[in-house]
Structure formats: C-alpha cells, structure tokens
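A quick write-up on the structure given underneath.
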C-alpha cells in the first residue's frame, strides 16, 4: 500500500510530463505558476484605478494587511530571482541571469513602495515588472505567430 | 478510495497549474482566427497592470452585451494617447481585436483589443507588443521590427 502511495506522489510530481513539457520546463513552470505569478498579481492588483460612470476608485491597499500582502509578493519576487538563476535552471550564463537580477530589483522596488505606502510608485513598479516579464518571455518562451 | 482521490487531485491541480502559467501568452487565451469588431459605449475602464481592461456595452436587437476588452499596459496606452480623460465612460468606440478562445461569452464576453477608433475618427493601437498576437499591422512596433 505504501508503495502505491509513493507511486502516486511521483505521479503528482511528474504530471507535467503528460503535457508535452520537458522536466526542465516543468520546474520553471511551477516556479512561475506557484511563486512568481501570484506574487506579481499581489502587486498588480494593489495599484491602479477603476473608472465607471459612478466615479474613480483607487485600488491601493486601505489597511496594513493589504500593504503586507504587497510586501510578501515583493519579497517572493526578489528572492525567486535566485531560484531562477540556479545553474540547473539558467538557460544561458549572461542574459538569463541578467533578467533574473532585473526581476530582483523589481521586487526590491515594490517592497520599498509598499513600506512607504506609495501607491503611485507601486503602479510604476508594476508596469516595469511586466516589462521584465515580457523581455524574458519573448527571449525564452513566446514564439510569435 | 484515497488513491482515486489522489489521482483526481493530481489531474485537477496539474491542469490548473498549466492554465495559470498560460495566462500571459496571447494564444493561450485568445483565438487569432476569431477577429472581431466591437462598437459600443465604454462603461468601465480598469487602469491596472499588466493589462488595462475596457468594458464596452454593445446594444443590438437582442439586448445589451458587455465585452471586456484587454488592452496593453496603462503606460503603453498613455504613450499612445489613450488617457483617463480620453477614454471616459460614455464614449462610443470601435475596437478591433480577437475573441477569447471559447467564443461563448461565458461567463462574460472577452476580447483582446488591437486598436480603438474614437468618435473623432482617430485610431490608436491599444494592444501589447511581444505577446505572440498575430502580426496584423495594428502594432506600430511590429512594423518597425520588419
């Protein structure tokens, strides 16, 4: 029974093998899906405006818990840069690591903005963070039509 | 029974994880073979990163439908001349873009916007560059790269 349990744990860990992704892609995939994407969304969802006929609503956090959520996301992003640049994950020596370190800087800036409760700066960092994401995706992931 | 539950758990979260990561690529969410023109009234604009969202209410014989149109980053839109002052609720616009993959409008109609035409006739690129969207001539940066 224990062997069967072990088998199914392995099945869980290797699920991406069923989706035509390589094991190497699977590691990066999980890092993106479970760490970076939720962390980035914590930053993106906490800055900006919604405009309707009723007026303009600011999305900035309204309490300490909200700002702490942003700080958590920011730390996850800056620390994940080290996970991305591990030798086993780095696709090349130069650009991959440079982009990982750019990501680190974005996390640091977001953390600082959250500490200062500066929603305008957080909005700018959110835009810059996306540019780093796109630069990396364009280089290593998305193939244009 | 526990084993079956584990299998279901693995399959569910494996598929879910793939969807989360696919979030950023055009082809993961939108259909390059389903171009659409949306003409209607702006009812809501979300100026958020990484994509601004414009909600457009379309009225026809069958009633009113709201389309959520994904645009580029707020910064990109502002650089292109689309601002909080020019894209006010109530403005009638024409959006050229692509439908979401399902095309079913469930639970809501979603499209990726490529360009937007304002009441004065001005047409502006409202999408994102480098997302894998079709090279359809709407993105000025795409023309520069060629």
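On the basis of being more than 14 Å from chain B (Cβ to nearest Cβ), more than 25 Å from residue B:46 (Cα to Cα) and surrounded by 18 or more Cβ atoms within 10 Å (Cβ to Cβ), does residue A:81 make the cut?
Considered against the rule, which asks whether it is more than 14 Å from chain B (Cβ to nearest Cβ), more than 25 Å from residue B:46 (Cα to Cα) and surrounded by 18 or more Cβ atoms within 10 Å (Cβ to Cβ), residue A:81 comes out as yes.
Only one of these conditions is not met by residue A:53: (1) more than 29 Å from residue A:132 (Cα to Cα); (2) modelled with pLDDT of 60 or more; (3) under 23 Å from the mean Cα position of the chain (by Cα). Which number is it?
With respect to (1) more than 29 Å from residue A:132 (Cα to Cα); (2) modelled with pLDDT of 60 or more; (3) under 23 Å from the mean Cα position of the chain (by Cα), residue A:53 is out only on (3).
What's the number of the only condition in (1) under 23 Å from residue A:102 (Cα atoms); (2) modelled with pLDDT under 95; (3) more than 8 Å from chain B (Cβ to nearest Cβ) that residue A:30 fails to meet?
Of (1) under 23 Å from residue A:102 (Cα atoms); (2) modelled with pLDDT under 95; (3) more than 8 Å from chain B (Cβ to nearest Cβ), only one is false for residue A:30: (3).
Hey, among the residues in the stretch B:45-89 that are part of a strand (DSSP E or B) and facing chain A (nearest Cβ under 8 Å), which one's surrounded by the most Cβ atoms within 10 Å (Cβ to Cβ)?
Among them, the one singled out is B:45.
Can you tell me which residues in the stretch B:27-44 are modelled with pLDDT under 95 and either touching a helix residue (DSSP H, G or I) at 6+ places or on another chain (Cβ under 9 Å) or at the interface with another protein chain (Cβ under 9 Å from one of its Cβ atoms) (or both)?
Residues satisfying the conditions are B:27, B:28, B:29, B:32.
Matching residues to (1) assigned to a helix (DSSP H, G or I); (2) in contact (Cβ under 8 Å) with a residue 40 or more places away in the chain; (3) within 12 Å of another protein chain (Cβ to nearest Cβ):
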residue: A:97; (1), (2), (3): yes, no, no
residue: A:101; (1), (2), (3): yes, no, no
residue: A:106; (1), (2), (3): yes, no, yes
residue: A:111; (1), (2), (3): yes, yes, no
residue: A:121; (1), (2), (3): yes, no, no
residue: A:126; (1), (2), (3): yes, yes, yes
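Output the residues belonging to the stretch B:57-93 that are more than 21 Å from residue B:134 (Cβ to Cβ) and within 14 Å of the chain's Cα centre (by Cα).
Listed by number, the residues that qualify are B:66, B:74.
Residue by residue through the stretch A:51-67, note down the ones that are touching a residue at least 40 places away in the same chain (Cβ under 8 Å) and in a helix (DSSP H, G or I).
Of everything in the stretch A:51-67, just one residue is touching a residue at least 40 places away in the same chain (Cβ under 8 Å) and in a helix (DSSP H, G or I), namely A:67.
Out of the residues in the stretch A:33-50 meeting the condition of being buried (at least 18 other Cβ atoms within 10 Å of the Cβ), facing chain B (nearest Cβ under 9 Å) and assigned to a helix (DSSP H, G or I), tell me which one is modelled with the lowest pLDDT.
If we filter the stretch A:33-50 for residues that are buried (at least 18 other Cβ atoms within 10 Å of the Cβ), which is where we start, we get A:33, A:36, A:39-40, A:42-44, A:46-49.
Add one more test, that the residue is facing chain B (nearest Cβ under 9 Å), and what stays is A:33, A:40, A:43-44, A:47-49.
Imposing the further condition that a residue be assigned to a helix (DSSP H, G or I) reduces the set to A:33, A:40, A:43-44.
Values: A:33: 92, A:40: 97, A:43: 97, A:44: 97.
Per the stated criteria, the residue is A:33.
Does residue B:97 satisfy the criteria of being away from chain A (no Cβ under 14 Å), within 25 Å of residue A:138 (Cβ to Cβ) and either loosely packed, with under 14 Cβ neighbours inside 10 Å or out of contact with any helix residue (DSSP H, G or I) (no Cβ under 6 Å at 6 or more places or on another chain) (or both)?
For residue B:97, the condition - away from chain A (no Cβ under 14 Å), within 25 Å of residue A:138 (Cβ to Cβ) and either loosely packed, with under 14 Cβ neighbours inside 10 Å or out of contact with any helix residue (DSSP H, G or I) (no Cβ under 6 Å at 6 or more places or on another chain) (or both) - is met.
When you scan the stretch A:41-95, how many residues do you find that are more than 30 Å from residue B:92 (Cβ to Cβ) and touching a strand residue (DSSP E or B) at 6+ places or on another chain (Cβ under 8 Å)?
Matching residues across the stretch A:41-95 total 0.
The values are calculated or read from the model by the stated rules, or taken from the named source; none is laboratory data. Quantities reported herein were computed from a predicted structural model and do not represent experimental measurements. Ideal geometry is used to build each Cβ from the backbone, glycine not excepted, and the neighbour counts take in all protein chains shown.
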